[in-house]
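Beneath this line is the structure, given in structure tokens, with notes to follow.
The values are calculated or read from the model by the stated rules, or taken from the named source; none is laboratory data. These figures come from a predicted structure and were not determined experimentally. Here Cβ is always computed from backbone atoms with ideal geometry, including for glycine, and neighbour counts include all displayed protein chains. The protein model used for the area step is the full one, side chains on, heavy atoms only, and it has no ligands, DNA or RNA in it. Shrake-Rupley method; radii C 1.70, N 1.55, O 1.52, S 1.80 Å.
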Amino acid sequence: MERTEAVQAFENVFGAKAEDLFTAAGRINVIGEHVDYCGGKVFPAALNLRCNVYGRKTGGNSIRMAFRGIDGIVEIETDKLDSYKGLKIGNYQAGVAYFLQKEGVEIVGCDLYYDCTVPFGSGLSSSAAIEVATAVTLCEYAGVEYDKVHLALVSQRAENEYAGVNCGIMDQFASAMGKKDHAVLLDCSTLEYEYVPLQLGEYCLVVANCNKPHNLVESKYNVRRQEVETALKAIQTVLPVKCLAEVTPKQFAEVRYLLSGVVEKRAEHVVMECARVHSAVEALKAGDLVELGRLLNESHYSLRDLYEVTGKELDALSAFARKENACLGSRMIGAGFGGCTISIVKKTEVEGFVRRVGKAYFDAIGYKASFYETSIEDGVTVEKL
Ligand code: GLA
């Protein structure tokens with residue numbers, strides 16, 4: 001949706017002009033999947049697909065929200081913020097407002113129009129984008145000082161404790177802290193981070209959505225978290241580690257006898273994926289894109305065989321991508337069970353790649369994949385209209 005259209009839509013719904021635009025980004029993750037909640041390093045980047053919030057401070061005691069493509073208004077009262085957990089639309093926003101208020105931020109009434117261009121349920125973190133965009137909006141309207149890492153943390157808390165999804169910090173951090181043309185190497189146990197230029201030369205990243213219908217992702221995700229916690233507890237009986245990411249591949253080989261079944265497989269994924277992040281960042285910095293592509297493939301195989309979060313759709317989409325000469329590597333990103341893949345593809349071959357992979361996917365799965373034109377952008381933005 002164009003900005004002028006969104007501004008007009010705001011005026012139609014609220015009868016006044018929007019004054020500000022706050023945005024936060026959806027994200028991809030180059031590598032480091034299902035390791036953020038194990039204290040590992042992740043390597044996400046913020047996208048041009050974003051949650052745009054057009055706003056106007058009203059100063060009353062309610063937040064009125066409207067959404068592109070959805071009729072009507074959702075209204076939440078600032079003195080009842082603990083009571084909106086059941087909202088189908090607006091619960092992320094209420095959760096963010098609730099936790100900001102708990103921290104002492106005065107939640108000021110406002111009218112907000114949400115134009116979220118991050119596709120929902122795509123593994124590109126629409127929920128984080130909504131949360132972070134809401135957090136920056138409410139902090140700006142409260143007139144408080146804030147830092148963007150804090151916006152990420154309060155957003156994660158809303159997702160964990162209000163929306164009930166036990167996610168790690170990666171998505172919200174990337175959404176708030178992303179930087180144009182860079183990926184963020186984030187250590188999830190310390191929140192130390194480094195920006196690394198995402199320079200792919202003749203290549204680019206193609207983001208593709210397998211369009212599998214959303215199905216119980218949150219509950220399956222929470223089960224994975226329990227499994228790795230079980231693994232950590234067992235390993236801690238012999239190794240003094242705080243998190244699974246601290247276990248080196250060599251140590252893992254020595255302690256894996258303590259584990260069995262799915263718990264052993266899940267832990268192996270985490271340990272090896274953490275090692276791959278390190279190698280991938282080295283490869284990128286050295287300009288070795290072939291090696292980077294190989295590591296992306298390895299990551300996918302591990303998510304398929306050990307972590308078991310891919311499914312036939314993501315496996316097919318990434319496998320068809322890998323068959324292409326112009327593609328150096330491909331993998332699922334995000335929580336999995338549906339959602340998106342990224343592939344490293346030669347820029348001059350993207351059109352043919354999209355056409356052939358799209359057709360092969362349709363023939364195999366029976367419905368279409370979507371391919372997005374993406375670029376790597378800043379995380380949060382704030383603008384007067
Ligand atoms: C989801 C979660 C993140 C992370 C990824 C998997 O996107 O929100 O915290 O765990 O899955 O890497």
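Here are a few things to note about the model shown:
- DSSP assigns beta bridges within the chain; of those with both partners inside it, close to 90 percent run antiparallel.
- Largest-first ordering by accessible area, 1.4 Å probe, given options Val207, Val350: Val350, Val207
- Here the label points at Asp181 and Thr58, each 7 Å from Cα along the C-beta direction, are separated by 4.3 nm in the simple model.
- Counting only cysteine Cβ atoms and a cutoff under 4.7 Å, the chain contains unmatched residues Cys38, Cys110, Cys139, Cys167, Cys188, Cys204, Cys210, Cys243, Cys274, Cys327, Cys340.
- Ignoring lysines fewer than eight residues from Lys57 along the same chain, the ones with Cα atoms less than 22 angstrom from its Cα are Lys17, Lys80, Lys102, Lys148, Lys384.
- Measuring gaps between exposed loop sites in the chain (chymotrypsin sites (Phe, Trp or Tyr not before Pro); DSSP loop; at most 15 other Cβ atoms within 10 Å), the longest gap, sites not included, is 121-366.
- Between the amide H of Leu385 and those of Asp20, Leu21, distances stay under 5 Å, these residues lying 5 or more places away or on another chain, with hydrogens modeled in the peptide plane.
- A DSSP coil position with no more than 15 other Cβ atoms inside 10 Å describes the following GluC sites (Glu not before Pro) in the stretch 299-385: Glu373.
- Sparsely packed GluC sites (Glu not before Pro) within the stretch 173-243, loop by DSSP, other Cβ within 10 Å at most 16: Glu192, Glu202
- Of the GluC sites (Glu not before Pro) found in the stretch 31-127, those in coil by DSSP whose Cβ has at most 16 other Cβ atoms within 10 Å are Glu103, Glu106.
- Computed over the stretch 221-298, the ratio Rg/Rh where both radii use C-alpha atoms and Rh is Kirkwood: 1.05
- Three-way shape label, the stretch 133-236, alpha-carbon gyration tensor, a/c 1.5: rounded
- Calculated FRET value between Glu2 and Val241, using beta carbons and R₀ = 51 Å, to 0.05: 0.50
- Given +1 at the Cβ of Lys and Arg, -1 at the Cβ of Asp and Glu and no other charges, the dipole of the stretch 1-109 around its Cα centre is 160 debye to the nearest 20.
- Note, ³J(HN,Hα) from phi for the stretch 49-56, Karplus 6.51, -1.76, 1.60, rounded to Hz, x at Gly and Pro: 7, 9, 9, 9, 10, 8, x, 8
- Two-site label geometry, Lys347 and His150: point separation in nm, points 7 Å out along Cα→Cβ: 4.0
- In order through the stretch 330-336: 3J(HN,Hα) via Karplus (6.51 cos²θ - 1.76 cosθ + 1.60), integer Hz, x for Gly, Pro: 7, 7, 6, 10, x, 5, x
- Along the axis of the charge dipole computed for the stretch 139-239 (Cβ charges of +1 for Lys and Arg, -1 for Asp and Glu, origin at the Cα centre), the listed residues Leu185, Gly168, Tyr221 are led at the positive end by Tyr221.
- Across the chain, the fraction of Cα-Cα pairs farther apart than 29 Å, rounded to a whole number, is 43%.
- Counted residue by residue at 0.36 nm each, then reduced by the alpha carbon distance between them, the extension gain from Lys368 to Val382 reaches 1.5 nm.
- Computed over the stretch 1-145, Kirkwood Rh from alpha-carbon pairs, angstrom: 15.8
- Accessible surface of Thr237 - all protein chains present, 1.4 Å probe, nearest 10 Å²: 100
- Using Cβ point charges alone (K and R +1, D and E -1), the dipole size of the stretch 175-218 about the Cα centre works out to roughly 220 debye.
- If you take the Cα centroid of the stretch 17-91 and the Cα centroid of the stretch 329-366, the two points sit 28 Å apart.
- DSSP H segments from the chain that extend 18 Å or more along their own axis, Cα-based, with Kyte-Doolittle mean of 0.5 or above: 126-142
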